[in-house]
Amino acid sequence: MKITKITGVLLCLVLLLSSCAAGRQAYPLDASRIQTDTVFLCEEIGIRPAGSEAEAQARRWIQESLQAAGFTGDNAPVCQSFSAPDGSLSENVIAICNPDCPAPLFSIVAHYDSVESSPGARDNAASVAALLEIARYLGSENAAFPCQIRMVFLGSEENGYHGSKAYVDSLTPEERSRHEAAFNMDISAASDSDKAVLVCNTLGKLGENGYEEGNFLFPARGELVNAVDKAYKRLYGKSLGGVFHFGESDHVSFHNAGLEAANICWRRVTDGDSSLPESYHKPSDTPGELNYETIRSCGRCILCAISILCQGDG
């Protein structure tokens, strides 16, 4: 009897360790490559205001990086040009995994412009670098994901979410009908000094009666947020640090179109309120202050959440 109990305990321990090991190995994004790309955007290209030559240089580099990752020929990245109300011109760059898949459609977005006062490492070069790494991992075809995944590098966010609005406006009625979730990566990296936790900022969810708005008292915790929470638990054994009714980023454009979206990001949470990092929109927002495991974990959680949503394995 004692031997049976001991054997059972050992078996459970082995299964637990195996599960933890599998969680660590799932979606193996490369943090060092994310760091290298973040440094390049911030230091080689530099400050990237919407409509500037530096923003255009960043766009060309993103295109080249996607082509080097295998997005070529019929699956080459698509550039989507648009103009902001102030007359400035910008472009979105769209790479698609499983373009012919008729199953659910997901968008992962990150803006590559910055404010004029900052090199924008966490806002938002690190997220762009992580999205490039996600593109390398997925490739233009990936049988493990029975869905279409669009990786959208957005221009012109800092002057009014114009890139995300142009992308959402370009979706056909058929695409909107199968668009299940948009994952916005904005300030999705943190430094150790932030004492930040992973959170979801969202404005609405898909309910029984269609799209439903949340509010400050009851943030919209729909299937997207639930999937991110499950993914974080599965990969890291932790729950999200909070769900907040908060816009001020590209997920607003999806919300305005009645499409479920959330910003998956790192925030310091105190007494139930979240706060932006001290270096937000400042010259001190540099690559050297970031912990690149934070942005890597955000990317891995998004991939795991998509798997949960499209395969129902939550």
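Counting residues in the range 92-114 that are among the charged types (D, E, K, R) and closer than 19 Å to residue 176 by Cα gives one or more. Pairs are defined by a Cβ separation below 9 Å, a sequence spacing of at least 6 or placement on different chains, a first member in the range 76-91 that is at positive phi, and a second member that is at pLDDT 95 or above; the pairs so defined are 87/51. In the set (1) in a helix (DSSP H, G or I); (2) at pLDDT below 95, the condition left unmet by residue 131 is number (2). Candidates 307, 274, 249: the one that is out of contact with any strand residue (DSSP E or B) (no Cβ under 8 Å at 6 or more places or on another chain) and at pLDDT 95 or above is 307.
For the range 134-158, give me the residue count where each residue is part of a loop (DSSP other than H, G, I, E, B) and either among the polar types (S, T, N, Q) or within 21 Å of residue 178 (Cα to Cα) (or both). Looking only at that region, the number is 9.
Only one entry in 158, 248, 213 is at positive phi and acidic (Asp, Glu), namely 248. With respect to being in a helix (DSSP H, G or I), modelled with pLDDT of 95 or more, touching a Phe, Trp or Tyr at 6+ places or on another chain (Cβ under 6 Å) and over 21 Å from residue 301 (Cβ atoms), residue 54 falls outside the description.
Scanning the range 166-178 turns up no residue that is under 26 Å from residue 278 (Cα atoms), touching a residue at least 40 places away in the same chain (Cβ under 8 Å) and of a type outside the set (D, E, K, R). Identify, please: which residue in the range 288-314 is over 17 Å from residue 224 (Cβ atoms) and small (Gly, Ala, Ser) and is, among those, surrounded by the fewest Cβ atoms within 10 Å (Cβ to Cβ)? This residue is 288. Taking the range 202-253 as the region of interest, the strands (runs of 3 or more DSSP E) fully inside it that hold 2 or more residues being touching a residue at least 24 places away in the same chain (Cβ under 8 Å), under 25 Å from residue 104 (Cα atoms) and over 16 Å from the mean Cα position of the chain (by Cα) are 204-207, 210-213.
The values are calculated or read from the model by the stated rules, or taken from the named source; none is laboratory data. On a predicted model such as this, the values are computed, not experimentally measured, just so you know. Ideal geometry is used to build each Cβ from the backbone, glycine not excepted, and the neighbour counts take in all protein chains shown.
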